[in-house]
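Participant: There's a structure below that I have some questions on.
What follows draws every value from the coordinates through simple rules; no lab data is involved. Just so you know, these numbers come straight off a predicted model, no measurement behind them. With ideal geometry, Cβ positions are generated from the backbone for all residues, glycine too; neighbour counts draw on all protein chains shown.
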Ligand code: VGL
Ligand code: ZN
């Protein structure tokens, strides 16, 4: 359990990436609850929380209409670019706008922003990253965080993939791990030989205990009992 200063980075939990949005990620809205929980814990401990937002000009080579890959999404000032209505909103959270350059994709929260500088100013050594989408903005944010010298925990339960190709999410997790990010949460169970429900339980348990560095034995056993009740819900792993 490291005691270095941590920050939480919540990547692009915006309407256009959630069900009903123009670039909807399957089950994208499922990241809201776990990220809200974590954000509250970070804020309670006085640790910094950042929310990035994809914040494109109306005309950018990022969009298929202008030679890029994607349908129009997250145009500055539109409803689609707003954060999901249930995502935590708090004056202590710093919003990082990215993807504002009309000649670049701007997937990473570090690309063309002052995020690295802000993290260093706050003495942050380790970032926890989740959000949307695993195979694009989360992945690029994680890889840049490693390049910038931060320790990274990638929150597998609190991210979802676009999966233009079916394995993209899985592959993105591998790339993040290869770059030195620690993958916490359910994805670890993909390499576990125990029956899957049991793996989910154990990886989730480990994850939750990691989250609460002060977790007493009593709190841990409480967490364990509540996880036992929630095993069936863990099937969401397969949609990652
Ligand atoms: C993203 C595709 C296009 C993301 C942003 O937030 O992952 N994906 N723009
Ligand atoms: Zn975009």
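Participant: Among 95, 9, what is the fewest-to-most ranking by other Cβ atoms within 10 Å?
Facilitator: Ordered from fewest to most neighbouring Cβ atoms within 10 Å, 95, 9 come out as 95, 9.
Participant: Moving on to the next point. Could you work out the relative contact order of region 22-154, using alpha carbon pairs under 8 angstrom and six or more residues apart, expressed as a whole percent?
Facilitator: Reported relative contact order: 23 percent.
Participant: Give me the percent of DSSP beta bridges within region 1-95 that run antiparallel, rounded to the nearest 5.
Facilitator: If we restrict to bridges inside region 1-95, about 10 percent are antiparallel.
Participant: Going by how many other Cβ atoms sit within 10 Å of their own, how do 56, 140 line up, fewest first?
Facilitator: 140, 56
Participant: Using a/c under 1.5 as the rounded threshold, could you call region 3-56 rounded, prolate or oblate? The axes a ≥ b ≥ c are square roots of the C-alpha gyration tensor eigenvalues, and prolate needs a/b larger than b/c, oblate otherwise.
Facilitator: prolate
Participant: Sort 54, 90 so that the residue with the fewest other Cβ atoms within 10 Å of its own Cβ comes first and the one with the most comes last.
Facilitator: The most exposed by this proxy come first: 90, 54.
Participant: Same structure, new question: Could you tell me the calculated FRET efficiency between residue 26 and residue 95, based on Cβ-Cβ distance and R0 = 30 angstrom, to the nearest 0.05?
Facilitator: That pair, residue 26 with residue 95, gives E of 0.75.
Participant: Continuing with this model, one more query. Can you bin region 6-191 into rounded, prolate or oblate? Criterion: square roots of the alpha carbon gyration tensor eigenvalues sorted a ≥ b ≥ c, rounded for a/c under 1.5, prolate for a/b above b/c, oblate for the rest.
Facilitator: Rounded, since a/c falls under 1.5.
Participant: How far apart, in nm, are two points set 7 Å out from the Cα along the Cα-to-Cβ line at residue 69 and at residue 147?
Facilitator: Roughly 1.5 nm, to one decimal.
Participant: Over region 7-81, what is the relative contact order in whole percent, taking alpha-carbon pairs under 8 Å and six or more residues apart?
Facilitator: Relative contact order here is 35 percent.
Participant: Of the DSSP beta bridges with both residues in region 6-191, give the percent that are antiparallel, rounding to the nearest 5.
Facilitator: 5
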